[in-house]
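Structure record follows, encoded as structure tokens.
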Amino acid sequence: MTNIFESITHPTLILDEKKARRNLESISNKIENQNILFRPHFKTHQSAKIGSWFLERGIRPITVSSVEMATYFARHGWNDILIAFPVNLREIDAIASLAKTTSLSLLVEDLETIEQLNNHLVEEVELRVKVDVGARRSGVDWNQPQKIIQIVDRINSSPRLKFGGLLTHAGHSYRAHGVNEVVALYAQTLERMQSVQLALLENGVENVRISVGDTPTTSLVQNLGDIDEIRPGNFLFYDMQQFKIGSCSLEQIAVCVTCPIVAIHKDRDEIVVYGGAIHFSKDYYARSDGSNGYGLAVGSASQNWDCNNIIGEVKSLSQEHGVIKCLPGKAELQKTGDLLCILPAHSCLTVQAMRTYTTLDGQIIQTLNSDC
């Protein structure tokens with residue numbers, strides 16, 4: 001087998017397909033064994049080729065985060081798509097076009113958006129009501145059931161719209177520390193969603209589906225409870241944020257960015273690599289000293305990266321520069337021109353930035369953004 005690291009000249013997103021497939025197998029088995037619909041979020045990998053791995057397992061409903069992404073996957077044969085982002089009314093023509101060929105689900109949280117959709121769409125579209133259970137990003141607050149009831153009533157009175165249930169993303173689970181906090185947050189999420197479900201039932205709305213989804217809870221909660229659908233995405237690759245939460249081990253992280261060393265400062269145990277914010281984004285995790293970490297630098301073995309050879313952590317990023325604070329004695333063992341493999345803070349944004357993957361056997365995998 002060719003050693004792909006020998007030919008790398010610039011920051012390169014490396015994918016370990018075997019690890020990613022193992023992550024997919026583990027999570028999909030867990031979900032299917034609990035008779036829950038698995039609607040994975042494809043914003044993590046953004047690739048039709050990688051999407052085919054899900055098809056091989058019989059997984060056909062998907063989640064995306066934009067109309068553009070929905071259009072890309074629809075073009076590649078996916079026809080059951082949830083856009084898990086508030087409707088952007090300026091894209092209503094593109095939404096209407098998608099609805100002609102795709103079973104399309106959208107998120108709403110206000111009456112005006114529902115009115116505009118009903119007036120402009122020709123094909124039937126399913127609407128989910130986004131509920132905020134604590135993330136404080138988007139959605140109707142869970143403790144405003146009357147507002148949610150009003151929204152559902154308006155959907156049900158619209159001839160071209162279909163009520164598809166309640167949806168939430170407990171994004172605040174990304175701020176949790178350890179299994180116990182994640183499990184507690186999930187229990188709270190279920191309690192709040194079920195209270196809204198009960199309020200709707202008491203107002204004559206029956207069989208209300210509940211959709212949840214995030215990687216920490218899907219990975220760490222053993223019994224996912226009485227839900228209908230779950231939508232994790234990051235689990236496929238994981239990353240350092242997930243490692244710090246406790247969702248995965250270092251060995252489960254399935255992507256790295258391989259970066260050339262361009263400068264070494266042994267006096268302060270620091271290395272500079274060609275790999276900056278344009279490659280990783282500036283998302284971060286908390287290092288053990290409380291400062292921001294932008295990735296974990298490890299060495300490369302003959303055919304893979306080596307999680308047993310930790311070099312240090314990325315302490316700062318500028319446009320093309322990455323500064324690594326090394327463990328004692330590690331900087332002096334490196335040479336300029338050598339490669340370091342950096343496990344990213346947030347794999348979703350790193351994939352968005354890097355646009356293409358190189359697998360360990362040298363295959364190039366394109367994404368939605370490869371031609372941008």
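Conditions tested, residue by residue: (1) of a type in the set (Asp, Glu); (2) modelled with pLDDT under 95; (3) in contact with a helix residue (DSSP H, G or I) (Cβ under 9 Å, 6 or more places away or on another chain); (4) within 30 Å of residue 53 (Cα to Cα).
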position: 78; (1), (2), (3), (4): no, no, yes, yes
position: 85; (1), (2), (3), (4): no, no, yes, yes
position: 96; (1), (2), (3), (4): no, no, yes, yes
position: 99; (1), (2), (3), (4): no, no, no, yes
position: 112; (1), (2), (3), (4): yes, no, yes, no
position: 128; (1), (2), (3), (4): no, no, no, yes
position: 131; (1), (2), (3), (4): no, no, yes, no
position: 135; (1), (2), (3), (4): no, yes, yes, no
position: 139; (1), (2), (3), (4): no, yes, no, no
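Hey, could you check the stretch 198-221 for residues that are within 26 Å of the chain's Cα centre (by Cα) and free of Cβ contacts under 8 Å to residues at least 40 places away in the same chain and say which is surrounded by the most Cβ atoms within 10 Å (Cβ to Cβ)?
Looking at the filtered set, the residue picked out is 215.
Among the residues of the stretch 1-33, write down those that are closer than 16 Å to residue 254 by Cα and part of a loop (DSSP other than H, G, I, E, B).
Correct list: 16 only.
So which residues in the stretch 317-348 are among the small types (Gly, Ala, Ser), over 21 Å from the mean Cα position of the chain (by Cα) and outside any loop (DSSP other than H, G, I, E, B), if there are any at all?
If the condition is that a residue be among the small types (Gly, Ala, Ser), over 21 Å from the mean Cα position of the chain (by Cα) and outside any loop (DSSP other than H, G, I, E, B), then 322, 331 are the ones that fit.
Suppose we filter 245, 253, 261 for residues that are within 30 Å of residue 192 (Cα to Cα), crowded, with 17+ Cβ neighbours inside 10 Å and either touching a strand residue (DSSP E or B) at 6+ places or on another chain (Cβ under 9 Å) or at pLDDT below 95 (or both); which single one remains?
Being within 30 Å of residue 192 (Cα to Cα), crowded, with 17+ Cβ neighbours inside 10 Å and either touching a strand residue (DSSP E or B) at 6+ places or on another chain (Cβ under 9 Å) or at pLDDT below 95 (or both) holds for just one of 245, 253, 261, which is 245.
Going through the stretch 34-71 one residue at a time, which ones are assigned to a loop (DSSP other than H, G, I, E, B), surrounded by fewer than 22 Cβ atoms within 10 Å (Cβ to Cβ) and touching a residue at least 12 places away in the same chain (Cβ under 8 Å)?
Those that are assigned to a loop (DSSP other than H, G, I, E, B), surrounded by fewer than 22 Cβ atoms within 10 Å (Cβ to Cβ) and touching a residue at least 12 places away in the same chain (Cβ under 8 Å): 34, 36, 43, 57, 59, 60, 61, 65, 66.
Among the residues of the stretch 293-316, write down those that are assigned to a strand (DSSP E or B) and among the aromatic types (Phe, Trp, Tyr).
Correct list: 305 only.
Looking at (1) surrounded by fewer than 21 Cβ atoms within 10 Å (Cβ to Cβ); (2) touching a Gly at 6+ places or on another chain (Cβ under 7 Å), which is the only condition residue 308 fails?
Going through the list (1) surrounded by fewer than 21 Cβ atoms within 10 Å (Cβ to Cβ); (2) touching a Gly at 6+ places or on another chain (Cβ under 7 Å), residue 308 breaks only (2).
Residue under question is residue 150, and the condition is that it be closer than 23 Å to residue 31 by Cα and either outside any helix (DSSP H, G or I) or among the polar types (S, T, N, Q) (or both); does it hold?
no
Got at least one residue in the stretch 152-167 being acidic (Asp, Glu), crowded, with 20+ Cβ neighbours inside 10 Å and assigned by TED's automatic domain parsing to the domain that holds residue 22?
no
Restrict the check to the stretch 349-360 and report whether at least one residue is at pLDDT 95 or above, farther than 18 Å from residue 44 by Cβ and either outside the structural domain of residue 69 (by TED's automatic domain parsing) or assigned to a strand (DSSP E or B) (or both). Write out each step before concluding.
Let us first name the residues in the stretch 349-360 that are at pLDDT 95 or above, namely 349-360.
Within this subset, residues satisfying the condition of being farther than 18 Å from residue 44 by Cβ are 360.
Remaining after also requiring either outside the structural domain of residue 69 (by TED's automatic domain parsing) or assigned to a strand (DSSP E or B) (or both): 360.
Checked against the condition, which is being at pLDDT 95 or above, farther than 18 Å from residue 44 by Cβ and either outside the structural domain of residue 69 (by TED's automatic domain parsing) or assigned to a strand (DSSP E or B) (or both), the stretch 349-360 yields at least one hit.
So residue 87 ticks every box in (1) in contact with a Phe, Trp or Tyr (Cβ under 8 Å, 6 or more places away or on another chain); (2) more than 22 Å from residue 186 (Cβ to Cβ) but one. Which box is left unticked?
Every condition holds for residue 87 apart from (1).
The values are calculated or read from the model by the stated rules, or taken from the named source; none is laboratory data. Everything quoted here is computed from the prediction, not taken from an experiment. FYI the Cβ positions are ideal-geometry reconstructions off the backbone, even for glycines, and counts take in every protein chain you see.
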